[in-house]
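Contents: one structure, followed by commentary.
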Amino acid sequence: MYSREEAKKIKETFWTSFGQYMQPVPGADGGKVNWVNYKTGIRYLYFRMDADNKKASVAIEIAHPDAGIRALLFEQFQQYRMLLENELGEEWIWHAESQDDYGKETARIYVELAGVSVFKQSDWPSLISFFKPRIMALDSFWSDAQYGFELFK
């Protein structure tokens, strides 16, 4: 078991390593992308990657505090579902109502990889192999779909 400080340091080391690994990879539009802290340009809309001691996940998280706007954003993603899943090459889990780690209401579209731990360096290649193609596919999807979300800016 790791102390809180040790766990934080291990996670920071992983995400720094992942960021350095992804740094030379251009975005779908050819530009530079901060892959670890991806900017969608829409307030309260995040592309998140997470890993803990049991699983890893990649998610589209809609965290708008207004439930009606959050529902509209989720519906807009549903309109793009076929484009998204074609880009990802897989189906993700869709939850119109969810909660983040702090109990805030969100909507999430996500996929998980079970049986991996960010605290086991031997799992890092599996984590990178999980995160890289999915965040790149999200970027590719977003380069086409973002214009359909302009009204939420």
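The values are calculated or read from the model by the stated rules, or taken from the named source; none is laboratory data. The shown structure was predicted, so the numbers you read here are calculated from the model rather than taken from an experiment. Counting neighbours? That spans all protein chains shown, and the Cβs are built from the backbone with ideal geometry, glycine included.
Of the candidates 57, 129, the single residue that is among the polar types (S, T, N, Q), in contact (Cβ under 8 Å) with a residue 24 or more places away in the chain and closer than 27 Å to residue 10 by Cα is 57. Inclusion of residue 63 among residues that are buried (at least 16 other Cβ atoms within 10 Å of the Cβ), more than 15 Å from the chain's Cα centre (by Cα) and of a type in the set (A, V, I, L, M) is not warranted. Comparison of 51, 59 shows that the only residue that is touching a helix residue (DSSP H, G or I) at 6+ places or on another chain (Cβ under 6 Å) and of a type in the set (Gly, Ala, Ser) is 51. With respect to the conditions (1) touching a helix residue (DSSP H, G or I) at 6+ places or on another chain (Cβ under 7 Å); (2) at pLDDT below 95, residue 31 lacks only one, and its number is (1).
If you check residue 134 against the conditions, is it in contact with an Asp or Glu (Cβ under 9 Å, 6 or more places away or on another chain) and among the charged types (D, E, K, R)? Yes, satisfied.
In the range 78-101, the residues that are farther than 13 Å from residue 137 by Cβ reach residues that are hydroxyl-bearing (Ser, Thr, Tyr) and surrounded by 15 or more Cβ atoms within 10 Å (Cβ to Cβ) with C-beta atoms within less than 8 angstrom, at least six apart or across chains, in these pairs: 93/110; 95/110; 98/106; 99/106; 100/106. Within the range 62-88, the set of residues being in contact with a helix residue (DSSP H, G or I) (Cβ under 7 Å, 6 or more places away or on another chain) and over 19 Å from residue 150 (Cβ atoms) comprises 87, 88.
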